[in-house]
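Laboratory data are not the source of any read-out in this text; all were calculated from the coordinates shown. It should be emphasised that the depicted structure is a prediction, and the values quoted were computed from it without experimental measurement. Reconstructed Cβ throughout: ideal geometry from the backbone, glycine too, with neighbour counts over all protein chains shown.
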């Protein structure tokens, strides 16, 4: 078990900045996920932790020890690659034994530990199979066994589920989580799939264009997105540009472009937004927070249906609000589904309105 | 972009991760490319501008002089032969590809299997067999004369026509293979879509099928043109003195190294321009079909008459394809000096084969070829592995320079390689560590090394780029140091691809004639040169026994290479 610290890490490829000022602390035994769209720098960051490339600036520490430019074979990490990277000229057993052979264990010990590792991933007795004789899901588990058998301090997983089909993905995901809990190993997981990240992680780092957007527990990044990018990427929030009308006690009164008034709570202001009458803010609303209007006093919104679909459990609407789209998921309680062009009056609870920053980007820094 | 300057510091990289480290590793590679590819060409180029140690355009004046038009005529002949070869190879190769890929008829499979036979025929043996078969004293013309009791032979191959027929036979596969691959892999749904949109069959062929084949056709044309320009063996056998390659060798034989340099320079410029055109064109063409589409169906030949016709035509074609090899085999059993005016050799013996392996003098060229080709191939493989690993795994500037330098020898005619090595290494130079290499044993392995550099590098590079680089990273992550993971993971994964390429290079070395004839010393005579010498002392039997040995070696090695390639493709998922 080890904790991992990145101190102001930058990675430059020529003039292109792949990672900018990555600065965070992963606690020992934590399941930590790098989440973001492709090209956001998450894999580059992982590869720097693995030692396959070195930061241009900054430091990487494992348990207070500076490993910034340590060779990858001296880091004591286990890594699972997106395409598994199993050695095609070796059997399953030889693949798993590879790291142990390098550590010069005696033959009996190697055999025992390989058997145990394969047992751990439910592949007992597969030692003598060839790599191309087993399925993708099994290959994935061999890769996991190969990474875990050396009892690494840190486990790195680079989009390990992306080559599996949907059903297998769910099973393997819980398998990975189970192993991580059982072994208590510090795990860094890279994915672009937000639901995967939410389900598996202790904490999530959300990145875009090489820049950290937010770090937090799945609940925090979902419920309290720091900026418009996180809000959109995680919660499918509808985001509106608005002006602050006034601030009274714990309430903030805003006006949308078309003059619609909304009220939200001051505690829902995320981070360092400058408050004051006339200031521009981004107001975010999650689809499942939108309710049907039932004579509430405030936050009544008269909208027109742009598109509607019925999923059985809920009705999903895209509503026209102030020229922008408000997404709404209304749990099915027997209401008639409104069709395109019909009007629908909805209500936003005061506590469900969030005030955000724009996404962190290069220009602001 | 503002930097957070108080807490971050620029990372101090270990030596192996410094950007200049790769250049130190690659320094020997640059040395080899500069010394053995660039420098010899540079010498030839410079030599062509100096007469008696003074700068002069005299040689080029002579080349383009209108009073003695030998060189202009040679250039014209070379171009003319090359263009006709392209047309002829194109018709035969493309026609055969269409026939074999579009129609189902009795004999198709057999014909298809034999269609690639010319590839196993070393150039000298190919040309000699045609002379034996179709020359003025050849088996076929004489045989026809005897059978029909004619006063004269009814036809025979000679001169430029002979050269073009030999070129067609040996080079049509450069059209046949890519065109049949393109036809086989084409997306038939495109043609169906065109039919569905109302195009007639003729329109579909002109507007859809043909444009899809154009890239392959153009690439094959350029290739055949380049190889024809470089061809030396066929003009030699048919006595066409006035081609550029023949003139180069003649100048060299007459001791006029200056003129040989000027001629080589002109030929190099033509060849390298074609290489450049080809590379530019390769960069642009990309008609890879998007969908797999339904398998292309071959049309079955149904009528009995056509079926019979197809069987007869297939048999004739197979005979034509096999005759050269059969002839060489037959003559290899003939007693030296007994075959004069007869249609077929009158007396037979197996002594030539016994001699090959028992007589020290006859064995020597075989041993020479094996040893020299092996040395060159070993050098190629080491060079290829280093460069291919660096180019496919490491980021550095100068990749495209290395790639271009390596590809140059591919465009160079063997004659030019020979002349340029003579020009560069008949005096001591730093690249030969102060030694004269010309007239030593080492000059031919060096020539083979240069000639087969592109072939082996290409296949080695392909092997590296097809394997997954994350396997190496996985090994490193599991604790293996660089050398260990290179030996245990990287090399085993690429070994098959490298071996199959190396065998191809070795095979080329076994059959090499053009550079060898310019560079051999009495102690380093390779098989092809021995064949040539035996031919001219009328030891046809011995010459052909050497030839059969060459063919067997080439065929066996090619089969092994294919097998290895197939195996390694299966294991590299």
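A compact table of results
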quantity: Estimated D of the stretch A:228-360 in µm² per second, where Rh is the Kirkwood radius over Cα pairs and Stokes-Einstein applies at 10 °C, 1.306 mPa s; calculated: 105
quantity: Proxy reagent accessibility, fewest Cβ within 10 Å first, across B:78, B:392, B:67; calculated: B:67, B:392, B:78
quantity: Nearest-ten-degree value, helix A:92-102 long axis tilted from longest Cα axis of chain A; calculated: 70
quantity: Order of B:269, A:234 under a 10 Å beta carbon neighbour criterion, fewest first; calculated: B:269, A:234
quantity: Whole-Å distance, taken between Cα centres, linking the stretch A:221-291 and the stretch B:55-126; calculated: 76
quantity: Alpha-carbon centroid distance for the pair the stretch A:141-166 / the stretch A:95-113, whole angstrom; calculated: 18
quantity: Cα-based helix-to-principal-axis angle, A:107-120 vs chain A, degrees rounded to 10; calculated: 20
quantity: DSSP bridge orientation in the protein assembly as shown - percent antiparallel, rounded to nearest 5; calculated: 75
quantity: Relative contact order (%) - criterion: Cα under 8 Å, at least six apart; region: the stretch A:4-223; calculated: 30
quantity: Helix-derived mean residue ellipticity, 222 nm - over chain B, DSSP H n ≥ 4, -39500 (n - 2.57), to 500; calculated: -22500 deg cm²/dmol
quantity: 0 to 90° range, to nearest 10: angle between helix A:166-183 axis and chain A longest Cα axis; calculated: 70
quantity: The stretch A:41-88 and the stretch A:300-353: distance between their alpha carbon centers, rounded to Å; calculated: 47
quantity: MRE, 222 nm, helices only [DSSP H, n ≥ 4, -39500 (n - 2.57), over chain A, to nearest 500]; calculated: -7000 deg cm²/dmol
quantity: Among beta bridges that DSSP assigns inside chain A, antiparallel share in %, nearest 5; calculated: 75
